[in-house]
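Each remark here refers to the structure printed beneath this line.
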Amino acid sequence: MSDSLLTFDGSGLPLAGVRALAQTGSTNADALMMAQLGAADGWLILAEEQTQGRGRFERRWVTRAGTALAFSLLLRPTEAEQAQLGRFVALGALAVQRALVELRLAAQIKWPNDVLVDGRKICGILVETLWQDGQAQAVVLGVGVNVLAESVPPAEELQFPATSVEDSLGQPVERAALLRSILTHIFAWRERMLEQGFWNAWQDSLAFRGQWVRVEGGQQPIVGALEGLNADGNLLLRLEDGSSAVVMVGDVHLRTFLDGR
Ligand code: ATP
């Protein structure tokens, strides 16, 4: 099944406009460019294929033509949101997690920016910010979701196991319907993004809670039981000696002892 997204018009959603592309380098790069040119809050840029899709720290995000969702939402943060920019990545992950739960998938959030089903990555979020004179002029909320089975890259290209909506559900879903659902959740949760309840909802959806995990990529790997989040959205681990550790978002990777990596 290959449903085209090129006619997605976003009717009924609070979008400023939709730019649907057959192919692009990166929808985040396009959105940042549009932000620089003054595009308003709520522009949606989506692509059937990304040739230079990116993850965090310039890692590659694979989007195969016609198989996935790859989109970026351009947002102009309010003054209050500017003080809490770290919440936008959480907003994206929570919106996707909720949309997948509506499809009856047991989706969970892998801190800080991925969504998992059955312990496998189904979605990645990348938020990038346009700065000017020390102020965030725009936030670009980039979302990549593996929808059809063919969207999943070969295992040798991955650092973490991956899956797709079709593989997890056992049947295909219409990409446009899923896109609409994710956007609906993004706009609804944005209203509550600055409330403490937002982190509570996020924490309730967190993968590996209570399990032993390893955080790699810092000076030394940290091993501990994943307790949840603190009030700033940082990860809380309980170490073997009973003390706790706070892990900040950065170039660190969360691993379990189950995925064998
Ligand atoms: P990790 O997932 O390894 O903990 P990360 O959260 O930093 O790290 P991202 O920056 O979100 O990862 O995404 C980039 C990584 O995702 C790539 O290094 C690759 O391993 C993996 N990846 C790339 N494309 C896909 C895809 N379509 N589906 C699942 N995983 C992908």
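Read-outs: derived from the displayed coordinates by stated rules, not from any lab. In this text, all values refer to a predicted model and were calculated from it rather than measured experimentally. Here the Cβ positions follow ideal geometry from the backbone for every residue, glycine too, while neighbour counts run over all protein chains shown.
Quick look at the values:
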| read-out | value |
| --- | --- |
| Cα-projected label distance for Gln52 with Glu150, points at 7 Å along beta-carbon direction, nm | 2.5 nm |
| Within-15-Å neighbourhood charge of Ser244 [Cβ basis; K, R +1; D, E -1] | -2 |
| Considering only segment 5-204, percent of DSSP beta bridges that pair antiparallel, nearest 5 | 80 percent |
| Segment 212-259: Rg to Rh, with Rh as the Kirkwood radius over Cα pairs | 0.93 |
| Cα gyration tensor shape of segment 1-73, rounded if a/c is under 1.5, else prolate or oblate by comparing a/b with b/c | oblate |
| Extension gain, Met33 back to Leu194 (0.36 nm per residue minus Cα-Cα distance, nm) | 55.3 nm |
| For the chain: Kirkwood Rh in Å [reciprocal of mean 1/r, alpha carbons] | 18.6 Å |
| Within-12-Å neighbourhood charge of Ser168 [Cβ basis; K, R +1; D, E -1] | 0 |
| Estimated 222 nm signal from helices in the chain, with DSSP H stretches of n ≥ 4 weighted -39500 (n - 2.57), rounded to 500 | -6500 deg cm²/dmol |
| Projected label distance in nm at Arg209 and Thr7, using a 7 Å step from Cα toward the beta-carbon | 4.2 nm |
| Peptides 105-113, 127-135 ordered by average Cβ neighbours within 10 Å, highest first | 105-113, 127-135 |
